[in-house]
Structure formats: C-alpha cells, structure tokens
Amino acid sequence: MSAKYDLYETPDVQNTGEQQPLHARIVPSGTYSKKEFLERVSHSSQTFNYNVIDAVVGIVIDELAEALSEGYVVELGELGHFSISLKCTHKVMAKREIRAESICFDNVHLRTSKEFKRKIKREIELERVDKSKHSSQKVKFSMEQRQQLLQEFLKKNGGITRLEYSRLTGLSRLKAIDDLNTFIEKGILRKRGAGRTVFYVWQQE
C-alpha cells in the first residue's frame, strides 16, 4: 500500500513577495490506536499473541521511563536512542543564579538510527494524491469479489505477495493479512517462503 503525498506552497517567511517553491508532505493514511497497532504486530509475528505483546510493550515503556528519569540515554536497537532535555523555569543570566527549582523536565527525544531510516526508505512507495479521484478510490470490494480478483491474479502470475494483494484490493496491510490468513484457513491458499519472501499460491496447485 503506497504512502500518499501532496504538494504545498512553502510559506514566504521573509516576506519577499516572490513565489516560493513547492514542497512535498505526507497525507496521513490514518492513525493507529495502541490496540490496533499491537494487533498488527501480532498478525505479522504469527508467534506471539496480542496479550503477550501488550504485556511486553507495557514493561518496556515503564522501564524506558524509569531509565530516562535516572539520566540514562537508552538505545532500542535499530529504532535509535531515547534521551531527555531540561529547561529553566525562568531566565537565568549566570550560573550562580541556578537553584534546583529553576530546572525542570522539558521533553523526550528520539534520535532514529541510520538503519531504521534506511529500512523505511527501502519499504516506502510514494503516490501523489489525486483529489479528483479520491472519493472513487474508497470503493470497497466484498470478500467474494476480493477472492475473485485474487483468483484472476493467480491465474496470470502463479503467486501473490501481501503487498500485491493490498494493491489489488485496496486493503491496508493488516486487513490484507487477515484476508490471506482466512483464505489459508479455508484451504483456498497455502503460504510459501518466510519473512520478506512469503508469497501465496492456490491450495489445489
């Protein structure tokens, strides 16, 4: 499923009166709640169920908050480094004016790793929002229609990936996985490969 973007005029902050260049900006596809995102992780994992993942995430968040409050910088693998910043509660002109009550917590910062950025760059597929067709793109197919689209695709191509199925049906990643797992449970599809090389073929083949 592609990430949608649109072009916007850059503000003329210096008031030059000249036309400013356009800049691209992501048009959000929506917002995942915690529950929805953890369900997505659970579907993708196929090893750990939702309750286990929810419990682990809760523990990680609690430990992360405690470590940061103790002044540590915390690295979470490829995601990057978490740290905190402070601020003065009022203007301080000299160090001798500093008192403990003059300093307080300001914010949490995440410095993402180069590998995490590269991972997004490898995965992302951008598509310009077509406002004239935006409403027509919301047409939904029934389960029977999606199965028919899938069958026609497999006749031509022999197999299909999750990304191809998402594009074919217009479903999100999570809903596409739900569909494919349903087809497997019904004995219609079988899965081949593992990880990023997973693809699906008709069970009768």
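Can you spot a residue in region 39-54 that is more than 30 Å from Val129 (Cβ to Cβ), aliphatic (A, V, I, L, M) and part of a helix (DSSP H, G or I)?
Narrowing region 39-54 to residues more than 30 Å from Val129 (Cβ to Cβ): 42, 45-54.
Subset that is aliphatic (A, V, I, L, M): 52-53.
When the remaining residues are screened for being part of a helix (DSSP H, G or I), the result is 52-53.
Scanning region 39-54 turns up at least one residue that is more than 30 Å from Val129 (Cβ to Cβ), aliphatic (A, V, I, L, M) and part of a helix (DSSP H, G or I).
Filter region 141-199 for residues that are of a type in the set (Gly, Ala, Ser) and either farther than 21 Å from Ser42 by Cα or not in a helix (DSSP H, G or I) (or both) and give the result. It would help to see each step written out before you state the result.
The first filter runs over region 141-199 and keeps only residues of a type in the set (Gly, Ala, Ser), leaving 142, 158-159, 166, 170, 172, 176, 187, 193-195.
Selection gives Ser142, Gly158, Gly159, Gly170, Ser172, Gly187, Gly193, Ala194.
I'd like to verify a number: residues in region 45-75 that are closer than 29 Å to Asn181 by Cβ and open to solvent by less than 70 Å² (accessible area, probe 1.4 Å), how many?
Looking only at that region, the number is 9.
Which one is modelled with the lowest pLDDT among residues in region 94-120 that are assigned to a helix (DSSP H, G or I) and surrounded by 10 or more Cβ atoms within 10 Å (Cβ to Cβ)?
Of the residues in region 94-120, the ones assigned to a helix (DSSP H, G or I) are 95-97, 100-102, 114-120.
Add one more test, that the residue is surrounded by 10 or more Cβ atoms within 10 Å (Cβ to Cβ), and what stays is 97, 102, 115-120.
Details: Glu97: 64, Ser102: 75, Glu115: 93, Phe116: 93, Lys117: 94, Arg118: 93, Lys119: 91, Ile120: 92.
Step by step, filter region 94-120, then rank; the result is Glu97.
Among (1) open to solvent by less than 40 Å² (accessible area, probe 1.4 Å); (2) within 17 Å of Glu125 (Cα to Cα), which single condition is Arg173 missing?
Arg173 satisfies every listed condition except (1).
Report the residue count in region 154-164 for those that are farther than 12 Å from Leu180 by Cβ and touching a helix residue (DSSP H, G or I) at 6+ places or on another chain (Cβ under 6 Å).
Number of matching residues: 0.
Among residues belonging to region 1-33 that are under 23 Å from Ile120 (Cα atoms) and exposed (fewer than 10 other Cβ atoms within 10 Å of the Cβ), point out the one that is modelled with the highest pLDDT.
Ser33
Mind listing whichever residues of region 76-93 are assigned to a strand (DSSP E or B) and modelled with pLDDT under 90? Full working, then the answer.
If we filter region 76-93 for residues that are assigned to a strand (DSSP E or B), which is where we start, we get 80-88.
Scanning region 76-93 gives Lys87, Cys88.
The values are calculated or read from the model by the stated rules, or taken from the named source; none is laboratory data. Note that this is a predicted model, so its numbers are computed, not measured. FYI the Cβ positions are ideal-geometry reconstructions off the backbone, even for glycines, and counts take in every protein chain you see. Keep in mind that these areas ignore ligands, DNA and RNA; they rest on the heavy atoms of the full protein, side chains included. Shrake-Rupley method; radii C 1.70, N 1.55, O 1.52, S 1.80 Å.
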